[in-house]
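J.: Below are the structure tokens for one structure; questions will follow.
The values are calculated or read from the model by the stated rules, or taken from the named source; none is laboratory data. The structure presented is a predicted model; accordingly, all values stated were derived computationally and were not measured. Virtual Cβ from ideal backbone geometry, glycine too; neighbours counted across all protein chains shown.
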Amino acid sequence: MNLYYKIGVVILFLLLGELGRTQGLLPNLLDTTTLNGSIQLHGNAFEHSSSLQNNFSRKFLLGGNISDDLSETTYDRQNDHNRLGGGYGFNLQYRAKKQLFAKKPYLSWMINVSSESHFYGGYSGDAFGLVFVGNESFFGETANLSDVGGQFTQFLSIGGGIHNVKTKSFLTVNAILPQQFFQLKMNRGSLSFDESGEQINVNIEGELMSSNSYAYFKGLGAAINFDYNVPFGKPDSFNGIIQIAGRNLGAYQIHNATKNKINTQESFNGFKVEDLVNSNNLSSLKDTLGVTKTTASEWKLTPGFVQIGKIVSANSKHRFQSFFGVRMYTNKTYRPLIYVGAHFQANNAFSLGLQGSFGGYGNLRLGIYLNYKKNRLNVGLGSEDLLGMLLKQQYGHSGLIQIAWEL
């Protein structure tokens, strides 16, 4: 990969980040000495996997042909159970300075609007092999499909609430308006082949659910966002600010979604797995496999997260500060993500930091950020996966941006 391609990948994800919601480690540089309102734009775009290297995943992100050699090499790296996830979007906030209550001098109001998407999934190594390599390597064996499942959600969020102009803590209640939804669940799944591959035993119970394609908004729900900032320690000892943050914690209902359920234990002779996918007689195939189609409305959790950790203080007298914590999304695919980093204040305007994290949808990642503050303007750029943005042997990508203007 040449230098220009590497630079292009970095620029692409930083631009995607400008349209995303900050759900990363980029510090807010919390300043409790100013009592101003603000306009803030937060952005994030990321993709992370436990077993798919970037030389494979970039074929989906940037386009390109997946060769047989690449499929074989990637298949060899798969585990019994594999995870992946990601998302992108944007969030715009307005925080007023005007006092709301006579006895609460620091409380004011705020509004926010965002467009976000999130996907996650789990799959078995056998499922990857069947899709990208073929079924010949499974002749005389059974392929496990029980670990296959995932979800994709894209939604608008709009709401408001209160914030503290001194501590920067806030709470908002938001309407959730889903625009796209897709979910696959496999409760039971296996394909068994004889030695020649001519006979296939299918044992599958699963469900495919998708939102109504005709409605602009596919449902309705509600969620809360919040930051709660708590100072700790004394000036002459270890001190700082602990932040408890939550984003998109709530639920929404998908209206009149289409459900296709399959529940079958059948044996087939004389054709390959490709025949199941490429069949021109879908109605007959669905009847044979026991596929039923219904319409239903269901409640789903929003793709939110909770993060607890020590954050960076913008008015600290120390040039070096630590930050660390843990993050958890509201789905069973995500593993608790633990992160730790160091912040360096180079001068009054520039600061930078490095961090490492482990968990989430993958494993170890290294990240970096750069922050610029001048008068009322604050701009931050960063990535939770710097090496992943540059190296095809890594397992993810990440771009973050934050722009704030004090009023």
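J.: Pull up the stretch 148-181, narrow it to residues that are of a type in the set (Val, Ile, Thr) and either touching a helix residue (DSSP H, G or I) at 6+ places or on another chain (Cβ under 8 Å) or assigned to a loop (DSSP other than H, G, I, E, B) (or both), then point me to the one that is surrounded by the most Cβ atoms within 10 Å (Cβ to Cβ).
T.: 165
J.: If we keep just the residues of the stretch 245-277 that are aliphatic (A, V, I, L, M), in a strand (DSSP E or B) and closer than 30 Å to residue 215 by Cβ, which is modelled with the lowest pLDDT?
T.: Only one residue tops the list, namely 262.
J.: Look at residue 370 and say whether it is touching a helix residue (DSSP H, G or I) at 6+ places or on another chain (Cβ under 6 Å), surrounded by fewer than 22 Cβ atoms within 10 Å (Cβ to Cβ), in a strand (DSSP E or B) and at pLDDT below 95.
T.: Judged against the criteria, residue 370 is not a match.
J.: Residues of the stretch 289-319 being outside any strand (DSSP E or B), surrounded by fewer than 19 Cβ atoms within 10 Å (Cβ to Cβ) and not small (Gly, Ala, Ser), which ones?
T.: Once the filter is applied, which keeps residues that are outside any strand (DSSP E or B), surrounded by fewer than 19 Cβ atoms within 10 Å (Cβ to Cβ) and not small (Gly, Ala, Ser), the stretch 289-319 yields 289, 315, 317, 318, 319.
J.: Then there is this: Criterion first (farther than 27 Å from residue 328 by Cβ, hydroxyl-bearing (Ser, Thr, Tyr) and not in a strand (DSSP E or B)) does residue 137 satisfy it?
T.: yes
J.: Mind counting the residues in the stretch 323-332 that are crowded, with 19+ Cβ neighbours inside 10 Å and under 13 Å from residue 86 (Cα atoms)?
T.: 1
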